[in-house]
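Structure first, commentary second.
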């Protein structure tokens with residue numbers, strides 16, 4: 001008679017055999033259609049990408065660069081006292097025009113005027129003595145040495161007059177050129193020392209524009225080159241002509257400093273203002289250019305995607321002049337090619353594309 005343990009063991013064996021028989025058909029039939037479905041999804045067909053494009057055409061293309069600059073006065077000086085003393089006349093008026101040679105400031109020169117009178121009197125006495133000595137020498141009544149002494153006294157008297165007049169000139173400040181008086185820093189009656197600043201004096205007709213161009217463009221801009229510039233606060237754009245440049249490249253900035261002359265700027269352009277300078281480096285009337293967003297970097301350089309037979313085909317290109325919106329294509333494209341302008345980053349070689357928009 002079988003024990004309970006043996007009966008339990010026999011039951012377990014029977015149940016295991018039944019489960020194995022039920023699972024055997026599925027194992028022999030292979031994976032189900034449901035299990036195979038993910039593999040089919042991994043093999044996706046090529047996608048259709050919507051893009052924008054342009055038809056390559058030949059058109060004129062100008063090469064322009066923009067650099068910062070500064071507006072300078074044509075001439076600008078600080079009026080300073082050369083001699084110490086009290087200001088007895090302050091003829092300059094702030095913001096007014098003055099002509100070259102106009103007296104602007106007069107410093108007290110009473111002592112110098114007295115010295116000039118004394119020197120003039122001594123000179124006249126030396127003149128009379130020289131005349132008499134010359135007559136006596138002709139009659140051989142004096143020696144040649146006595147006459148030479150009289151001549152030297154006459155020359156010394158003239159030198160004293162010239163020195164005094166030069167000192168008097170230092171007490172007068174005159175306009176060095178045609179210009180405009182700036183803000184004054186002293187008043188009439190004030191005592192000034194040599195070197196004290198009295199006012200600014202500026203000539204703003206014409207104006208000068210100072211700017212620097214990168215070293216790679218230095219050989220393409222020089223004397224006679226035309227530039228344009230604008231300043232903040234004005235919608236106008238002014239023309240100027242380069243008249244001078246430094247003889248060498250600045251080693252610190254690797255740029256060449258230049259100055260241009262502007263004769264048409266109006267009174268709303270002030271020296272010291274920031275100028276946005278535009279320089280034209282020439283133009284190519286038969287250029288092939290595409291929008292800047294069409295060109296993407298590549299291991300071999302740069303490339304664009306052309307559309308051929310409805311598919312994206314990469315094309316390596318060599319670029320030239322770059323503007324704000326266009327890039328010149330030196331080689332790699334011909335007129336009539338269709339170049340992708342939008343959706344470029346989604347493309348891969350051979351992808352099917354659908355052109356939604358043709359640009360100019």
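The values are calculated or read from the model by the stated rules, or taken from the named source; none is laboratory data. Keep in mind that what you see is a predicted model, and the values were worked out from it rather than measured. Quick reminder, even Gly has a Cβ in these numbers, built from the backbone with ideal geometry, and neighbours come from all protein chains shown.
Listed values, structure above:
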quantity: Residue check for residue 168: in contact with a helix residue (DSSP H, G or I) (Cβ under 7 Å, 6 or more places away or on another chain), closer than 30 Å to residue 203 by Cα and either touching a residue at least 12 places away in the same chain (Cβ under 8 Å) or surrounded by fewer than 16 Cβ atoms within 10 Å (Cβ to Cβ) (or both); calculated: yes
quantity: Unique match (being under 29 Å from the mean Cα position of the chain (by Cα) and either touching a residue at least 24 places away in the same chain (Cβ under 8 Å) or surrounded by 15 or more Cβ atoms within 10 Å (Cβ to Cβ) (or both)) among 335, 291, 314; calculated: 291
quantity: Sole residue being over 30 Å from residue 71 (Cβ atoms) and at pLDDT below 90, chosen from 343, 282, 267; calculated: 343
quantity: Residue match in the range 307-328 (condition: within 26 Å of residue 63 (Cβ to Cβ), part of a loop (DSSP other than H, G, I, E, B) and in contact with a strand residue (DSSP E or B) (Cβ under 8 Å, 6 or more places away or on another chain)); calculated: yes
quantity: Strands (runs of 3 or more DSSP E) wholly inside the range 205-292 containing at least 2 residues that are over 28 Å from residue 325 (Cα atoms) and not assigned by TED's automatic domain parsing to the domain that holds residue 332; calculated: 238-245, 255-262
quantity: Residues of the range 119-173 satisfying the condition of being farther than 30 Å from residue 192 by Cβ and not in a helix (DSSP H, G or I); calculated: 139, 140, 141, 142, 143
quantity: Residue 184 being over 19 Å from residue 118 (Cα atoms) and surrounded by 14 or more Cβ atoms within 10 Å (Cβ to Cβ); calculated: yes
quantity: Selected residue [modelled with pLDDT under 90, assigned by TED's automatic domain parsing to the domain that holds residue 183 and in contact with a strand residue (DSSP E or B) (Cβ under 6 Å, 6 or more places away or on another chain)] from 92, 136; calculated: 92
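Yes/no per residue for (1) surrounded by 12 or more Cβ atoms within 10 Å (Cβ to Cβ); (2) within 12 Å of residue 211 (Cα to Cα); (3) in contact with a helix residue (DSSP H, G or I) (Cβ under 7 Å, 6 or more places away or on another chain); (4) free of Cβ contacts under 8 Å to residues at least 60 places away in the same chain:
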residue: 246; (1), (2), (3), (4): yes, yes, no, yes
residue: 256; (1), (2), (3), (4): yes, yes, yes, yes
residue: 260; (1), (2), (3), (4): yes, yes, no, yes
residue: 263; (1), (2), (3), (4): yes, no, no, yes
residue: 274; (1), (2), (3), (4): yes, yes, no, no
residue: 277; (1), (2), (3), (4): yes, yes, no, no
residue: 280; (1), (2), (3), (4): yes, no, no, no
